[in-house]
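In what follows, a single structure is set out as structure tokens and then discussed.
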Amino acid sequence: MHEYFSTDYLSARQRFLTAAQGAGAELTTFRCPAKGPAGEELYTDVARLGASTAERILVVMSGVHGVEGFAGSAIQTSLMLQGVGRLLPTGLALLVIHAINPFGFAHLRRVNEDNVDLNRNFVDFSQLPLLNAEYDRLANVIAPQKLGVMSDAALTWRLAGYRLCHGQAALQKAVTCGQYAYPAGLFYGGDQPTWSNRTLRAILAEHLAGAASVAVIDLHTGLGPRGYGEIIIGDPPGSTAFARARDWWGERVRSTAAGESVSSHLNGTVRNAFKEIVPETDLVAAGLEFGTLPAMTVFRAMRVENWLYHQGSSGHPQAESITRAFLQAFSPDDLNWQREVLRQGREVVMAALSREDWHTAVSSPL
């Protein structure tokens, strides 16, 4: 285990707070109404480095998908311990948001206390019902009530049939883009703004309202080649946003709009909260996604973990192995993988900090 990686939420939080205090950051803490696995308090923490009057702000976020917070936290902590605050250009501040979904982080879940995928929760709930008819067709095999040979066979058969009829990209979109009808299903977007949603909006209102330009790097794991960090934006090649991102980060930038990314184009991402505070012409937003295991392996780990949470129990004879496999899908206990995450994470952040051309940027979805 690399020195910056933690084995649980409480250790990750303590390392983050120690690093932030050592860096002289301004710290703000938000207590989550949900509790940890032992009944402990959970928090989202925000560290700000740089002048309070800075017109440019780089936001680095972790833990939108709770269990993915181990890698994000390690990147954030290492940056502060390695003196990123001393490298900030004049007029630029760094806002580091740690564990925006602390429940998922602490409980080793991707989702929050309501089984909500936070990156599908930033939608206009006045427009309910929000429909995903394609997910409806697959819902009973994506999140079955029983697991076993028959359940696995049904999943394989139904996904293969859908892929044959519609293609792999359509299958990925149907499953992952977000659904609002199955509270115990995967990629559930909720029926109202979650605590994490409201907390993020409060953080942004406090810190970004006066900014002239904002850039966002949202840290994720689970998709793509193992150990490689893809930068994901939603604008197509040929757009100003895509050109700008390529200028900042090079060939690792991929567009969901063009279907070239490891991610589908998603509904209700956290980027929508930034759009409410920062005009689109002043916002550059990207997800930095580090690959772990083959996509189907990751999906099956999510499916089984979701079943354990809703239909099984912590005392299930396979609970430990299910949780271990799920954790390996999003935070592998692999020193080489961890080193690559830290190296590339720092490269991406430092590349953004070195740019001076934020004011003409166009926004990109996470």
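The values are calculated or read from the model by the stated rules, or taken from the named source; none is laboratory data. Everything numeric here is computed off the predicted structure, so don't read it as measured data. For neighbour counting, all protein chains shown are included, and Cβ atoms are generated from backbone atoms with ideal geometry for every residue, glycine included. Ligands, DNA and RNA are stripped out before the accessible areas are found, and what is left, the full protein with its side chains, is counted by its heavy atoms. Shrake-Rupley method; radii C 1.70, N 1.55, O 1.52, S 1.80 Å.
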VAL298: in contact with a Leu (Cβ under 8 Å, 6 or more places away or on another chain), part of a helix (DSSP H, G or I) and either open to solvent by 50 Å² or more (accessible area, probe 1.4 Å) or not basic (Lys, Arg) (or both), yes or no? yes
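Do you know which residues across the stretch 85-98 are of a type outside the set (Gly, Ala, Ser) and over 22 Å from the mean Cα position of the chain (by Cα)? Don't jump to the end; show me each part of the working.
Pass one, the stretch 85-98, residues of a type outside the set (Gly, Ala, Ser): 86-90, 92, 94-98.
Answer for the stretch 85-98, where residues must be of a type outside the set (Gly, Ala, Ser) and over 22 Å from the mean Cα position of the chain (by Cα): ARG86, LEU87, LEU88, PRO89, THR90, LEU92.
Please verify whether LEU27 is in a strand (DSSP E or B), out of contact with any Phe, Trp or Tyr (no Cβ under 6 Å at 6 or more places or on another chain) and either farther than 20 Å from ARG201 by Cβ or open to solvent by 40 Å² or more (accessible area, probe 1.4 Å) (or both), treating the condition exactly as stated.
Working: in a strand (DSSP E or B): yes; out of contact with any Phe, Trp or Tyr (no Cβ under 6 Å at 6 or more places or on another chain): yes; either farther than 20 Å from ARG201 by Cβ or open to solvent by 40 Å² or more (accessible area, probe 1.4 Å) (or both): yes.
Yes: the conditions hold for LEU27.
One line per residue, one yes/no per condition, for (1) without any contact (Cβ under 8 Å) to a residue 24 or more places away in the chain; (2) under 21 Å from ASN121 (Cβ atoms):
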position: GLY24; (1), (2): no, no
position: LEU27; (1), (2): yes, no
position: PHE30; (1), (2): no, yes
position: SER52; (1), (2): no, no
position: VAL60; (1), (2): no, yes
position: GLN76; (1), (2): no, no
position: ALA99; (1), (2): no, yes
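Yes or no, residue by residue, for (1) touching a Leu at 6+ places or on another chain (Cβ under 8 Å); (2) among the β-branched types (Val, Ile, Thr):
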{"position": "ARG56", "(1), (2)": "yes, no"}
{"position": "GLY66", "(1), (2)": "yes, no"}
{"position": "GLY72", "(1), (2)": "yes, no"}
{"position": "THR77", "(1), (2)": "no, yes"}
{"position": "VAL84", "(1), (2)": "yes, yes"}
{"position": "LEU87", "(1), (2)": "yes, no"}
{"position": "LEU94", "(1), (2)": "yes, no"}
{"position": "ASN101", "(1), (2)": "yes, no"}
{"position": "ARG109", "(1), (2)": "no, no"}
Please state which one of ARG355, ARG339, ARG324 is basic (Lys, Arg) and assigned to a loop (DSSP other than H, G, I, E, B). ARG355
First in the stretch 276-302 and of a type in the set (Ser, Thr, Tyr), second anywhere and modelled with pLDDT under 95, Cβ under 7 Å, 6 or more apart: THR281/VAL362
Across (1) closer than 30 Å to ARG56 by Cα; (2) surrounded by 21 or more Cβ atoms within 10 Å (Cβ to Cβ), PRO193 clears everything bar (2)
Members of the stretch 32-50 that are within 22 Å of LEU219 (Cα to Cα), without any contact (Cβ under 8 Å) to a residue 60 or more places away in the chain, open to solvent by 20 Å² or more (accessible area, probe 1.4 Å) and part of a strand (DSSP E or B): TYR43
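Only one of PHE105, PHE16, PHE5 is open to solvent by less than 10 Å² (accessible area, probe 1.4 Å), in contact with a Gly (Cβ under 9 Å, 6 or more places away or on another chain) and either on the phi > 0 side of the Ramachandran plot or aromatic (Phe, Trp, Tyr) (or both); which? First the steps, then the outcome.
On the way: PHE16 fails: in contact with a Gly (Cβ under 9 Å, 6 or more places away or on another chain); PHE5 fails: in contact with a Gly (Cβ under 9 Å, 6 or more places away or on another chain).
The unique qualifying residue is PHE105.
Look through VAL214, VAL141 and report the one residue that is farther than 24 Å from ARG303 by Cα and either assigned to a helix (DSSP H, G or I) or touching a residue at least 40 places away in the same chain (Cβ under 8 Å) (or both). Lay out the reasoning, then the answer.
Numbers: VAL141 fails: farther than 24 Å from ARG303 by Cα.
Selected residue: VAL214, the only one of VAL214, VAL141 that is farther than 24 Å from ARG303 by Cα and either assigned to a helix (DSSP H, G or I) or touching a residue at least 40 places away in the same chain (Cβ under 8 Å) (or both).
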